[in-house]
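To start, the structure under review is shown below, and the notes come after it.
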Amino acid sequence: MKHVVETTEVAGQSPNWLLTRLDDLVNWARANSLWPMPFGTACCAIEFMATAASRFDFARFGMERQAFSPRQADVLICAGRLPFKLAPVIRRVYDQMPQPKWVISMGACASTGGIFDNYAMVQGIDTIVPVDVYVPGCPPRPEGLLYGVLLLHKKIKGETVLDPELRREQPLDDRGLRLPPEQIDEISEPFGNSVHQFRSA
Amino acid sequence: MNPSVDALRATFGNAIGRALVARDGETIVTIGRDALLDVMRWLRDTAGHSYDYLVDVTAVEYRDGERPIELVYFLRSLEQRADLRVKVELPKEQELVVDSVVGLWAGADWLEREVYDMFGVTFRGHPDLRRILMWETYAEGYPLRKDFPLRGRFSRAEQVRQALGANPEAHYSMEELSIAEAFEELPEDMRERLRRGERGKIPFSE
């Protein structure tokens with residue numbers, strides 16, 4: 001009985017509130033309940049599934065619920081190569097996601113086109129949608145994807161609710177592109193082993 | 001050598017070209033393009049041969065620019081447990097046209113569409129000859145031809161622009177549905193979408 005009385009006294013002396021910055025509170029909430037929208041197109045999606053499964057279990061980082069509807073998703077994870085035929089689809093998915101939203105480009109192909117430097121493949125999804133975190137690898141191991149998610153947490157915790165630019169929708173411009181054409185061409189330039197392929201036969 | 005070859009020679013004479021046995025033991029026989037339909041029908045319907053299963057249709061273009069494009073038909077007889085490869089040579093200086101075998105094997109429909117999409121070979125009499133792998137408004141040419149640049153003919157920016165211009169929700173075209181006469185019976189929203197032609201126009205087509 002005596003013990004209970006002492007506890008009551010301590011509770012009475014301490015304030016039942018605390019002070020923090022609004023940014024910290026909002027970002028803490030956002031970063032720790034990221035609902036991923038998996039956009040798995042290739043072998044990266046296998047590693048993505050492994051990341052979601054019991055051994056690696058990204059539910060530990062608040063990604064318990066995978067949102068298979070873009071309307072209820074926070075982070076779009078493009079896991080795998082993206083052919084041009086899917087370009088309007090991922091753009092549509094991205095446009096349907098509500099703010100705040102982020103994008104993780106998982107693997108070499110989603111980030112740069114990877115080994116598929118050919119007529120059918122998008123050379124990096126950043127020519128289609130803005131990307132927050134690139135995870136290299138072919139495919140990246142689950143640890144890699146988790147590291148990317150943690151980097152995204154870090155990025156989110158540095159944001160501020162006072163900057164409306166962060167949450168501004170960026171629709172395609174009059175040309176139907178996200179970036180100026182010169183920039184897309186520059187991003188898509190061959191590099192690495194691809195430079196040994198020639199453009200015209 | 002597959003015994004069907006000798007039977008073919010006896011029946012069709014000069015229309016049957018050279019025949020050889022490939023390293024995997026399968027017989028390859030080359031036939032003239034005009035005789036294609038007759039030969040194929042004979043192979044399918046004649047007792048003792050009855051190649052009732054068309055496994056694949058594909059095409060080959062060789063690096064030697066003067067060699068013709070070869071169409072390859074992989075036939076199998078489930079009854080005889082025999083395989084036969086039939087080749088048709090299409091010289092490049094002539095139009096790349098050949099008769100469609102969809103009337104003989106309905107499964108040839110998508111196979112021939114793929115050859116059309118990748119090599120630009122036109123199949124006469126095909127019920128619905130459209131691109132199947134690339135999108136229908138793809139305008140850069142035929143990707144598996146040797147004169148097709150690996151990265152495509154347009155700049156990357158133009159490729160992205162054209163790809164993003166496609167409407168991912170436009171599922172149906174008149175050609176696809178083959179329902180021009182049933183147009184009035186369609187639901188209103190589908191009629192409206194078909195009317196708008198929302199699959200986009202094929203560039204440079206008009």
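Here, each number is a calculation from the coordinates, and none is a lab measurement. Note that this is a predicted model, so its numbers are computed, not measured. Counting neighbours? That spans all protein chains shown, and the Cβs are built from the backbone with ideal geometry, glycine included.
For A:106, A:49, the sequence from fewest to most other C-beta atoms within 10 Å is A:49, A:106. Please say if segment A:122-196 is rounded, prolate or oblate, where rounded means a/c under 1.5 for a ≥ b ≥ c the square roots of the C-alpha gyration tensor eigenvalues, and otherwise the choice is prolate for a/b larger than b/c and oblate otherwise? Oblate, since a/c reaches 1.5 and b/c is not below a/b. Using only Cα atoms, locate the centre of segment B:39-72 and the centre of segment A:11-66, then give the distance between them in Å, rounded to an integer. Taking the Cα centre of each part, segment B:39-72 and segment A:11-66 sit 57 Å apart.
I need the shape label for segment A:22-170. Rule: rounded when a/c is under 1.5, else prolate if a/b > b/c, else oblate, with a, b, c from the alpha carbon gyration tensor. Verdict is oblate for segment A:22-170.
Inter-chain neighbour count for A:116-122: the average number of beta-carbon atoms from partner chains within 10 Å of each residue's beta-carbon is 5. So if I take the centroid of the Cα atoms in segment A:93-110 and the same for segment B:77-95, what is the distance between those two points in Å? Here the answer is 47 Å between Cα centres. Restricting segment B:44-126 to chymotrypsin sites (Phe, Trp or Tyr not before Pro) that sit in a DSSP loop and have at most 16 other Cβ atoms within 10 Å of their own Cβ leaves B:62.
Each of A:144, A:63, A:99 was scored by the projection of its Cα onto the charge dipole of segment A:59-201, and the greatest displacement toward the positive side belongs to A:63; charges sit on the C-beta of Lys, Arg, Asp and Glu.
What ranking do A:188, A:33 get, fewest neighbouring Cβ atoms within 10 angstrom at the top?
In order of increasing Cβ crowding within 10 Å: A:33, A:188.
Loop-located chymotrypsin sites (Phe, Trp or Tyr not before Pro) in segment A:55-149 (DSSP state other than H, G, I, E, B) with a sparse environment of at most 15 neighbouring Cβ atoms within 10 Å: A:68. Within the listed set A:190, A:140, A:171, the Gaussian network model of chain A (springs between alpha-carbon atoms below 10 Å) gives the highest mean-square fluctuation for A:171. Taking A:135, A:93, A:122 as the candidate residues, the one with maximal mean-square fluctuation in a Gaussian network model of chain A, Cα springs under 10 Å, is A:93.
Charge dipole of segment B:3-134 (Cα centre as origin; +1 on each Lys and Arg Cβ, -1 on each Asp and Glu Cβ, all else neutral): 120 debye, rounded to the nearest 20.
Modelled spin-label separation between residue B:7 and residue A:33, with each label point placed 7 Å from Cα along the Cα-to-Cβ direction: 7.2 nm. Note on segment B:3-134: dipole from Cβ charges, positive end direction compared against B:122, B:65, B:13; the farthest Cα belongs to B:13.
For each of A:127, B:27, count neighbouring Cβ atoms within 10 Å of the residue's Cβ, then give the residues from fewest to most.
Sorted ascending by nearby Cβ count, the order is B:27, A:127.
Anisotropy class assigned to segment B:30-134 is prolate, per the alpha carbon gyration tensor with a/c at or over the 1.5 cut-off and a/b larger than b/c. The 3J(HN,Hα) values that the Karplus relation (6.51, -1.76, 1.60; θ = phi - 60°) gives for segment B:72-80 are, in residue order, 10, 10, 9, 10, 9, 9, 5, 6, 7 Hz. Gly and Pro appear as x. Coupling constants for segment B:91-105 follow from the phi torsions by the Karplus curve (6.51 cos²θ - 1.76 cosθ + 1.60, θ = phi - 60°), and in residue order they are x, 6, 6, 9, 5, 7, 10, 8, 6, 7, 9, 4, x, 8, 10 Hz; glycine and proline get x.
The charge dipole of segment A:68-201, taken about its Cα centre with unit charges on the Cβ atoms of Lys, Arg (+1), Asp and Glu (-1) only, comes to about 480 debye. Evaluating 6.51 cos²θ - 1.76 cosθ + 1.60 at θ = phi - 60° for every residue in segment B:14-30, the Karplus couplings come out as 5, 5, 9, x, 6, 10, 8, 9, 6, 5, 7, x, 7, 8, 10, 10, 9 Hz, glycine and proline recorded as x. Largest GNM mean-square fluctuation among B:143, B:187, B:127, using chain B with Cα springs under 10 Å: B:187.
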